[in-house]
Amino acid sequence: MSQFKETPKITGQLTLTLRDSNGQLIEERTVNNLVVETGRAYIASRMIGDSLDVMSHMAIGTGSTATALDQSALINPAGRVSITTTAIDSNEITYIATFGPAVGTGSIQEAGIFNASTGGIMLCRAKFSPINKTSSDSLSINWVLTVS
């Protein structure tokens with residue numbers, strides 16, 4: 001008899017696009033994320049019920065601490081907005097949000113996905129080299145999670 005061994009994995013990648021007040025591209029980059037322990041527990045709990053709210057918000061911050069499994073919030077939050085687009089295609093989930101002018105300004109170095117407008121459960125966190133967002137810039141994030 002053959003033994004099956006499966007090790008499901010959830011990985012994520014986000015593309016950050018910074019534009020000036022005229023819509024001109026300033027910077028675009030793609031970085032990986034970490035699905036944190038609270039996010040893993042959230043995913044497991046949603047498999048047997050729907051008592052927890054769906055992931056609905058993205059946040060950015062200026063924290064420079066490396067990602068770690070035990071993190072449950074951004075280190076230094078600078079802004080949080082509603083996710084404007086969600087989509088699922090086979091084993092990929094896409095979340096899209098935009099931080100408009102005057103929302104989350106400064107040296108942005110972290111981002112996360114949450115299930116509430118404040119507090120809530122953090123699904124994943126990404127840490128990246130600084131993106132300098134001024135009060136007139138917009139930062140869009142296209143975040144794709146893949147279950148494999």
Between Thr15 and Thr146, the two model label points (7 Å from Cα along the beta-carbon direction) sit apart by a distance in nm of 1.4 nm
The range 1-91: Kirkwood hydrodynamic radius (Cα pairs, Å) comes out at 16.4 Å
Using alpha carbon centers only, the range 58-100 is separated from the range 1-53 by a whole-angstrom value of 9 Å
Of Met47, Met55, Met122, the most mobile residue in a GNM of the chain (C-alpha springs, cutoff 10 Å) is Met47
Here the Kirkwood hydrodynamic radius of the range 39-148, Cα-based and in Å, equals 14.4 Å
Rounded to the nearest 0.05, FRET efficiency between Thr118 and Ala87 (Cβ-Cβ, R0 25 Å) equals 0.50
Taking Cα atoms, the helix 37-46 axis meets the longest principal axis of the chain at an angle in degrees (rounded to 10) of 60 degrees
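Bear in mind these aren't lab numbers, they're just calculated from the coordinates by the rules spelled out. Since we're looking at a predicted model, the values are computed, not measured. FYI the Cβ positions are ideal-geometry reconstructions off the backbone, even for glycines, and counts take in every protein chain you see.
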